[in-house]
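For reference, the structure is listed below as structure tokens.
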Amino acid sequence: MQYGWPLPKRISHLDELRKIDDPNKPKYPLIFQGERQFFTIHKVPIDLPKYRLANGRTQASQESFLSKNNNYPSDFFERDDEDNEAQKIQHGLLKELLGSGEKDIIKFFREHKQIEPLILTHTGFVVNGNRRLCAFRELIKEDEKKYQHFFHIEVIILNPCDEKDIDELEARLQIDTDIRADYNWISEACMLRNRHIKHGYSIERLASVYGKRISEIEDILDTLHHVDMYLESIGKPKQYELVNKHEYAFKQLKKCRNKIKDSSRKTIFTTIAYALLSNQTESGRLWGAIPAVEENLDKIISNLQDELVTEIDVELDDDISLLDDEESDFETLIITLSNPENNDKIIEIVDDVLREQKETERENKSKKYVFSQLNKANTAIKNAINGLNKDTELTGIQSQLDEIQSSLEKLREMLSKYAVH
């Protein structure tokens, strides 16, 4: 498989195509550089285009790949867009993002031909359609004869422009919901961080380009910071595929952390949440468990100190010994909780506290059940009184009142009986 022609050959071929001004050729409308333009649709060999390594959708995948492959430099995907090995690896990363189910791109193009052109820079890099190009190439590899219609693909060719024009076009096109599919939350967050840190986009600029509020951009970047802290804590930095299903858990983690003012309690809460996450608990359960941990944190801390710290021999250093009793206890607990070997015990203790709390709530609800039902009935009767007028249909009302009166008498009788006890 060839991952793009050499640069001089690509530019020469695309320049010749851009010179063609055939009114009979189909045009493709596109808002680019702030105005609506119409670009001629051309056909090019599938071997011609190169993947855009700065593609936002693969930012998280690239970072994860580099974290697992230390033999590659940290700027591997930035140093040379022409590098064939980088293009080959990018193809593999894109292949992992071809989707499944309703959004399985390979499955879609087994049954359909190309429905819209890929968008290329004047040098032949794919601005929009990287995953589709990957799918076309995979299908040809699968069966050249059956998918020979993908040997030549439709493209439009942009005029020379700077990188920020490309970024803005990508923002406008690739986050649309269609066969291209949405960015997952981690990919979007990594892409925004990359634009912010490496490309110098301000938060305000990102909000404008990607159609979000400034607070949304800040929230996304802050949540990604917590994801990175968690992955670092378990020794798997940048391996974002491990947290794809836990978006709301991390949002709850961030939200609950902000409620806790004391720094030691905040650290203990965070460590407990990390233990829950590392246990690969179901995302739905995590979503509810993390706020419950924050609500019952003092009880959980007490139980952890009673049941866990007493079982572990923690060697205090000089700094801890100078703290007051509560701070010293917290530092000891934090050291204990930070040991991954204690995760199972932490989860067991947390589960016991949350189960006990649910049972207490259930018992309280049961005790107040009669009052709750009478309160609802009282409200309903008051509403009925307010709604009664000369136009009200009266049929059946008297019989209902008789039944209510009978039920009230029975309730009063039972109330007197139990009140004696």
**Asked** Are there any pairs with C-beta distances below 7 angstrom linking a residue in the range 126-152 that is within 17 Å of Glu116 (Cβ to Cβ) to a residue that is among the acidic types (Asp, Glu), with the two at least 6 apart or on different chains, and if so which?
**Response** Val127/Glu170; Asn128/Glu170
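For the range 50-70, indicate whether the set of residues that are in the same structural domain as Lys164 (by TED's automatic domain parsing), in contact with a His (Cβ under 7 Å, 6 or more places away or on another chain) and not in a helix (DSSP H, G or I) is non-empty.
Taking the range 50-70 first, the residues in the same structural domain as Lys164 (by TED's automatic domain parsing) are 50-70.
So of that shortlist, the ones also in contact with a His (Cβ under 7 Å, 6 or more places away or on another chain) come out as 51.
Subset that is not in a helix (DSSP H, G or I): 51.
There is at least one residue in the range 50-70 that is in the same structural domain as Lys164 (by TED's automatic domain parsing), in contact with a His (Cβ under 7 Å, 6 or more places away or on another chain) and not in a helix (DSSP H, G or I).
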**Message:** Scan the range 348-358 and tell me whether some residue there is out of contact with any Pro (no Cβ under 6 Å at 6 or more places or on another chain), among the aliphatic types (A, V, I, L, M) and not assigned by TED's automatic domain parsing to the domain that holds Pro291.
**Reply:** no
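Please verify whether Glu138 is surrounded by fewer than 20 Cβ atoms within 10 Å (Cβ to Cβ), of a type outside the set (Val, Ile, Thr) and within 25 Å of the chain's Cα centre (by Cα), treating the condition exactly as stated. Give the steps one after another, and end with the answer.
Details: surrounded by fewer than 20 Cβ atoms within 10 Å (Cβ to Cβ): yes; of a type outside the set (Val, Ile, Thr): yes; within 25 Å of the chain's Cα centre (by Cα): no.
Spelling it out, it is not the case that Glu138 is surrounded by fewer than 20 Cβ atoms within 10 Å (Cβ to Cβ), of a type outside the set (Val, Ile, Thr) and within 25 Å of the chain's Cα centre (by Cα).
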**Asked** Restricting the first residue to the range 245-268 and requiring it to be outside the structural domain of Asp228 (by TED's automatic domain parsing), which pairs with a second residue that is among the acidic types (Asp, Glu) meet a Cβ separation below 6 Å and a spacing of at least six or different chains?
**Response** Cys256/Glu294
**Asked** Is it true that some residue in the range 37-47 is surrounded by fewer than 21 Cβ atoms within 10 Å (Cβ to Cβ) and of a type in the set (S, T, N, Q)?
**Response** yes
**Prompt:** Looking at (1) in contact (Cβ under 8 Å) with a residue 24 or more places away in the chain; (2) more than 28 Å from Phe151 (Cα to Cα); (3) out of contact with any Ser or Thr (no Cβ under 8 Å at 6 or more places or on another chain), which is the one condition that is false for Asn71?
**Reply:** (1)
**Request:** Please tell me if Asn55 is free of Cβ contacts under 8 Å to residues at least 12 places away in the same chain and on the phi < 0 side of the Ramachandran plot.
**Result:** no
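Is it fair to say Glu78 is under 22 Å from the mean Cα position of the chain (by Cα), among the charged types (D, E, K, R) and either over 15 Å from Cys134 (Cβ atoms) or at pLDDT 95 or above (or both)? Spell out the reasoning first.
Values: under 22 Å from the mean Cα position of the chain (by Cα): no; among the charged types (D, E, K, R): yes; either over 15 Å from Cys134 (Cβ atoms) or at pLDDT 95 or above (or both): yes.
No: the conditions fail for Glu78.
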**Matching option when the condition is crowded, with 20+ Cβ neighbours inside 10 Å, modelled with pLDDT under 95 and touching a Phe, Trp or Tyr at 6+ places or on another chain (Cβ under 7 Å), among Ala60, Ala54** = Ala60
**Asked** What number of residues in the range 346-366 are surrounded by 13 or more Cβ atoms within 10 Å (Cβ to Cβ) and over 14 Å from Ala273 (Cα atoms)?
**Response** 4
**Request:** Have a look at Asp15, Asp22 and point out the one that is assigned to a loop (DSSP other than H, G, I, E, B) and out of contact with any Leu (no Cβ under 8 Å at 6 or more places or on another chain).
**Result:** Asp22
**Request:** Please go through the range 235-282 and pick out each residue that is of a type in the set (Ser, Thr, Tyr) and in contact with a helix residue (DSSP H, G or I) (Cβ under 8 Å, 6 or more places away or on another chain).
**Result:** Tyr240, Tyr248, Ser264, Thr267, Thr270, Thr271, Tyr274, Ser278, Thr281
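The values are calculated or read from the model by the stated rules, or taken from the named source; none is laboratory data. Predicted, not measured: the structure shown is a model, and the values here were computed from it. For neighbour counting, all protein chains shown are included, and Cβ atoms are generated from backbone atoms with ideal geometry for every residue, glycine included.
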